[in-house]
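The values are calculated or read from the model by the stated rules, or taken from the named source; none is laboratory data. Computed from a predicted model, the values in this text were never measured in an experiment. Backbone-built Cβ (ideal geometry, glycine too); neighbour counts: all protein chains shown. To get the accessible areas, we keep the full protein, side chains included, count just its heavy atoms, and leave off ligands, DNA and RNA. Shrake-Rupley method; radii C 1.70, N 1.55, O 1.52, S 1.80 Å.
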Amino acid sequence: MTEELKQSPSEEVLLSIRGLKKSFGSHEVLKGIDLDIREGEKIAVIGPSGCGKSTFLRCINCMEDPTAGSIFFEGVDLADMKVDINVHRQKIGMVFQQFNLFNNLTVLRNITLAPVSIAQKANRKRKVRNFFRSFLNLFRKEKKPLLPVRKSADIRAEAEKRAFELLERIGLSDKAEVYPSTLSGGQKQRIAIVRALAMDPDVILFDEPTSALDPEMVGEVLDLMKKLAEDGMTMVIVTHEMGFAREVATRVLFMDDGQIAEENMPEAFFTRPQSARLQDFLSKVL
């Protein structure tokens, strides 16, 4: 590790990845990745096509089950098959290349679907617990208070209020009741980012978020991502946008053949690459 990459002990590690491997049949895509991601970091991941960048990202929140290794998030190993991954995934947002919006739902419903469903599920659990608590209270000298239960209408209203705040932030509040098919690619991707933000995540993973966009639409998505970076969001971004990586990232990783071949602070990474492989790659993309 280079001198520039030494981190202060006070910086909190949000994600700690150790020995991460992923194989599809006999094909080993990830060959043992170790990485610490600290709160507030903006990590750009670059590399040639087929080197494992997207697979690495999808393994972080276990959309792909790792073949080996550990992914510690807030003290829990997400790679442990006994862990309820859906609970922890709520705090790890994901933005895809192809937007993955539901075309049969309005923009507003796309944004509120997950937070409303999660809140209602929690509500149902409280109701069940209250039922048993009420029964047991009949035999207790000291009654246990019932858990607070919210009305479904209040849950939905709160989620919609948050959605409109986010849409207003990106200048698309007038698109709340339209369907994704009526939006431009840049608008769809900004909506997808807002959908991730609606879950109030601790980190957002971006899988080449501009690769499916026409060139004139790339800027509006990158501008939104820059604002998120300025606001302190922890971000891991697989990207081909070298200018963006150099300007926004706090650290840049170069992946090659399923491994992190080199990493450094942006300025040193792009101006003083250490390996011949990275030098060759940058000479072709810059």
Self-check item: GLU28/ARG169 FRET efficiency (R0 51 Å; Cβ-Cβ; nearest 0.05)
Solution: 0.75
Quiz item: In nanometres, what is the gap between the two model label sites at ALA157 and GLN274, each 7 Å from Cα along Cα-to-Cβ?
Solution: 5.7
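Quick one: dipole size for the chain, taken about the Cα centre, charges +1 on Lys/Arg Cβ and -1 on Asp/Glu Cβ, in debye to the nearest 20.
For the chain, the charge dipole is close to 2120 debye.
Normalising by the residue count of the range 21-82, find the relative contact order in percent from Cα pairs under 8 Å and 6+ residues apart. All intermediate terms of the calculation are to be shown ahead of the outcome.
Details: 53 pairs, mean separation 18.5, N = 62.
Dividing the mean separation by the residue count of the range 21-82 yields 30 percent.
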Quiz item: For the range 153-286, treating each Cα as an identical point scatterer without solvent, what Debye log10 I(q)/I(0) comes out at q = 0.10, 0.11, 0.13, 0.22 1/Å?
Solution: -0.41, -0.48, -0.64, -1.37
Practice problem: Beta carbons within 10 angstrom, averaged per residue: use that to sort the peptides 168-179, 135-146, highest first. | Solution: 168-179, 135-146
Quiz item: Say the cut-off is 18 Å between C-alpha atoms; which of LYS125/LYS151; LYS22/LYS42; LYS127/LYS151; LYS42/LYS227; LYS91/LYS121; LYS42/LYS226 go over it?
Solution: LYS22/LYS42
Practice problem: Once every Cα of the chain carries one equal point scatterer and solvent is ignored, give the base-10 log of I(q)/I(0) from the Debye formula at q = 0.13 Å⁻¹, two decimals. | Solution: -0.96
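Assuming 0.36 nm per residue, please report the length gained on full extension of the stretch ALA68 to LEU105 beyond their Cα-Cα distance. Please report the intermediate quantities before stating the final value.
Working: separation 37, 0.36 × 37 = 13.32 nm, distance 3.76 nm.
Extending this stretch completely gives an extra 9.6 nm.
With viscosity set to 0.692 mPa s at 37 °C, what whole-number translational diffusion coefficient in µm²/s follows for the range 49-122 from Stokes-Einstein and a Kirkwood radius over Cα pairs? Don't skip to the answer; put the middle values down first.
Working: Rh = 14.3 Å.
Once the numbers are plugged in, D ends up at 230 µm²/s.
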Quiz item: Given the convex hull over the Cα atoms of the range 72-213, what projected area results after averaging over all orientations, in nm²?
Solution: 11.3
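Nearest 5 percent is fine: what portion of the DSSP beta bridges confined to the chain is antiparallel? Let's see the in-between values first.
Working: 21 of 38 bridges.
Antiparallel bridges make up about 55 percent of those DSSP assigns within the chain.
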Quiz item: Residues of the chain: accessible area per residue at 1.4 Å, in Å²?
Solution: 51
Practice problem: Could you check how much of the accessible area of the chain is carbon and sulfur, as a whole percent, using a 1.4 Å probe? | Solution: 50
Exercise. Scan around LYS42 for amide H atoms under 5 Å from its own, H built in the peptide plane at 1.01 Å from N, and keep only partners 5 or more places away or cross-chain.
Key: MET235, THR250, ARG251
Exercise. Subtract the Cα-Cα distance of GLN98 and ASN86 from 0.36 nm times their separation in residues, and report this length gain in nm to one decimal.
Key: 2.1 nm
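For n ≥ 4 DSSP H runs only, could you compute -39500 (n - 2.57) per run for the chain, divide by its residues and tell me the 222 nm figure to the nearest 500? Each step should come with its number before you reach the end.
Numbers: 9 runs with 114 residues, N = 286.
Calculated at 222 nm, the ellipticity per residue is -12500 deg cm²/dmol.
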Quiz item: Which of HIS88, HIS240, HIS27 moves most in a GNM of the chain, Cα contacts under 10 Å?
Solution: HIS27
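Near GLN90, within a Cβ-to-Cβ distance under 15 Å, what is the net charge of the other residues, with Lys and Arg +1 and Asp and Glu -1? It would help to have the intermediate numbers written out before the result.
Details: positive: ARG89, LYS91, LYS121, LYS125, ARG162, ARG195; negative: GLU74, ASP84, ASP200, ASP202.
Taking every Cβ under 15 Å from that of GLN90, the sum is +2.
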Exercise. Treat each spin label as a single point 7 Å out from the Cα along the C-beta direction, and report the LYS121 to SER49 distance in nm.
Key: 3.6
